[in-house]
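Below you'll find the structure, written out as structure tokens, and then a few comments.
The values are calculated or read from the model by the stated rules, or taken from the named source; none is laboratory data. Because the structure is predicted, anything quoted here is derived from the model rather than measured. Note: ideal-geometry Cβ built from the backbone for every residue, glycine included; neighbour counts use all protein chains shown. Accessible surface is based on the protein model in full, side chains and every heavy atom, while ligands, DNA and RNA are left aside. Shrake-Rupley method; radii C 1.70, N 1.55, O 1.52, S 1.80 Å.
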Amino acid sequence: TAKENGGNTYCFYTSELKKTNEEKLYIQHSIRKALKQNEFTLHYQPIVDIETGDIVAVEALLRWYHPKRGWISPATFIPIAEETNLIQPIGDWVLRKVCEQSKVWRKKGLPHVQIGINVSIKQFLQADLVEHIEHVLRTYDLDPFCLKLEITESMAMHHIDYVLAQLQSLKNLGLQLAVDDFGTGYSSLNYLKKLPIDIIKIDRSFVQDMVKHSYDLSIVRAVIEVAHSLQMKVVAEGVETEEQLAILKREGCDRAQGYYFSKPLSAEQFEQLVQSEKGRSH
Ligand code: C2E
Ligand code: MG
Ligand code: MG
Ligand code: MG
């Protein structure tokens, strides 16, 4: 009967809810441990200049090998870290790690590449974020231009005035700023005009669908046109096929990132890739 079903549904619901809360607590506890025991690593995904084929930048992506559960995706643990203050120590770890890595690559004589890191809203709401980044850059003696911050569109739009002030300070410091996953949030071209942004990253959903659907192609085309008229560069995310790349090239997109070029790589794998590219072009 309906009543029985209702009862069952209720029981199921509460036990599921309890499970998710327990799960969250477990992940939070595990993140604290991971920070102490150095379980996080960064992988680096190349970003290629479409015209020249050169690797001009990388995006640093968090990887976590949990001792009991194995690999846990950032898409799973970042939102949980954001709900607590754990995103701050994670963000700080990422920042320091990329600065350290950039210094190592510079010492090894690798060609200069810009390193992008993903920054969460919670980090932006930290009042001393700008001073903190400045301090870390100085500690590692790093040119601010080497560092690119990726922020998601919805994040920038939700706290527009505050975020705008922070972004302007970061811009004044000399950092590069990118809007991530563009097109998936609350897009407003009017806000885009106000943000001191250098780069727009078109979300991979458009890149993947533009081959089949003309409206996705229209969006890609429009984003490129608007970005260029605002003196911004465009990165296409999630490029997996030659066909996608050909379309992007034809449409005048500046840069591409995706499995077609490379999956995110460990620092060592990335060094090997760069060395072999160097060998090829000389
Ligand atoms: P994102 O910043 O948009 O990063 C791009 C994601 O797309 C990465 O997933 C990358 O591995 C994946 N990807 C790259 N090329 C392709 C492709 O050709 N096809 C497909 N299907 N996927 C591709 P990942 O590494 O799982 O990261 C997921 C998200 O987690 C990131 O999305 C970012 O929002 C967040 N994230 C990762 N690392 C950090 C971090 O250090 N801090 C913060 N706050 N967020 C992070
Ligand atoms: Mg990103
Ligand atoms: Mg993205
Ligand atoms: Mg994303």
**Request:** Calculate one ³J(HN,Hα) per residue across the stretch 222-238 by plugging θ = phi - 60° into the Karplus curve 6.51 cos²θ - 1.76 cosθ + 1.60, and present them in order as whole Hz with x for glycine and proline.
**Result:** 5, 4, 4, 5, 4, 4, 5, 5, 9, 6, 9, 9, 10, 10, 8, 8, x
**Prompt:** Relative to the Cα centre, what is the charge dipole magnitude of the stretch 96-223, using +1 at the beta carbon of each Lys and Arg, -1 at the beta carbon of each Asp and Glu, and rounding to the nearest 20 debye?
**Reply:** 400
**Complete:** Here the stretch 28-38 yields Karplus 3J(HN,Hα) values (6.51, -1.76, 1.60; θ = phi - 60°; whole Hz; Gly and Pro given as x) of 4, 4, 5, 5, 4, 5, 4, 5, 5, 9, 6
**Request:** Sort largest first and round to whole Å: the equivalent ellipsoid semi-axes of the stretch 85-218, each the square root of five times a Cα gyration tensor eigenvalue.
**Result:** 27, 19, 13
**Per principal axis, descending, Cα span of the stretch 8-138 in whole Å** = 62, 34, 27
**Complete:** Once amide hydrogens are built 1.01 Å from N within the peptide plane, the residues lying 5 or more places from residue 233 or on another chain with amide H under 5 Å from its amide H are 199, 200
**Item:** Folded to 0 to 90 degrees: helix 267-281 orientation relative to the chain principal axis, Cα
**Value:** 30
**Request:** Let me know the charge dipole size of the chain about its Cα centre in debye, to the nearest 20, where only the beta-carbon of Lys, Arg (+1) and Asp, Glu (-1) is charged.
**Result:** 680
**Item:** the chain, accessible surface, carbon-and-sulfur percent (1.4 angstrom probe)
**Value:** 52
**Geometric extent, Cα atoms of the chain - Rg, Dmax (angstrom)** = 20.6, 76
**Asked** Quick one: accessible area per residue over the chain, 1.4 Å probe, rounded to a whole number of Å²?
**Response** 53
**Message:** Which of 108, 122, 24 ends up with the largest GNM mean-square fluctuation for the chain, with Cα atoms connected below 10 Å?
**Reply:** 108
**Message:** With angles folded into 0 to 90 degrees, how steeply does helix 74-83 sit against the dominant principal axis of the chain? Use alpha carbons for both and round to 10.
**Reply:** 70
**Request:** Please determine, in degrees from 0 to 90 and to the nearest 10, the orientation of helix 160-173 with respect to the longest principal axis defined by the Cα atoms of the chain, where the helix direction is its Cα long axis.
**Result:** 40
**Asked** When all protein chains stay in place, what accessible area (Å², nearest 10, 1.4 Å probe) is found for residue 191?
**Response** 70
**Value of [θ]222 nm, deg cm²/dmol, for the chain, DSSP H segments ≥ 4, -39500 (n - 2.57) each, nearest 500** = -17000 deg cm²/dmol
**Asked** Quick one: Kirkwood hydrodynamic radius for the stretch 202-262, alpha-carbon pairs, angstrom, one decimal?
**Response** 11.2
**Item:** Pairwise label distance in nanometres, residue 41 with residue 158, each label 7 Å out on the Cα-Cβ vector
**Value:** 3.2
**Request:** Specify the residue with the greatest mean-square fluctuation among 182, 145, 206, computed from a Gaussian network of the chain linking alpha-carbon atoms under 10 Å apart.
**Result:** 145
**Request:** Loop only per DSSP, at most 14 neighbouring Cβ atoms within 10 Å: give me the chymotrypsin sites (Phe, Trp or Tyr not before Pro) in the stretch 219-282, ordered by residue number.
**Result:** 259
**Item:** Residue among 103, 212, 233 with the largest mean-square fluctuation in a Gaussian network model of the chain, springs linking Cα atoms under 10 Å
**Value:** 212
**Request:** Give the residue from 28, 43, 265 lying farthest towards the positive end of the charge dipole for the chain; charges sit on Cβ (+1 for Lys and Arg, -1 for Asp and Glu) and the dipole is referred to the Cα centre.
**Result:** 28
**Asked** Each residue of the stretch 142-154 in order: what ³J(HN,Hα) in whole Hz does its phi give by Karplus 6.51 cos²θ - 1.76 cosθ + 1.60, θ = phi - 60°, with x for Gly and Pro?
**Response** 10, 5, x, 5, 5, 10, 10, 9, 9, 10, 8, 3, 4
**Item:** Inter-probe distance in nm under a simple model that places probes 7 Å from Cα toward Cβ, at residue 135 and residue 165
**Value:** 2.0
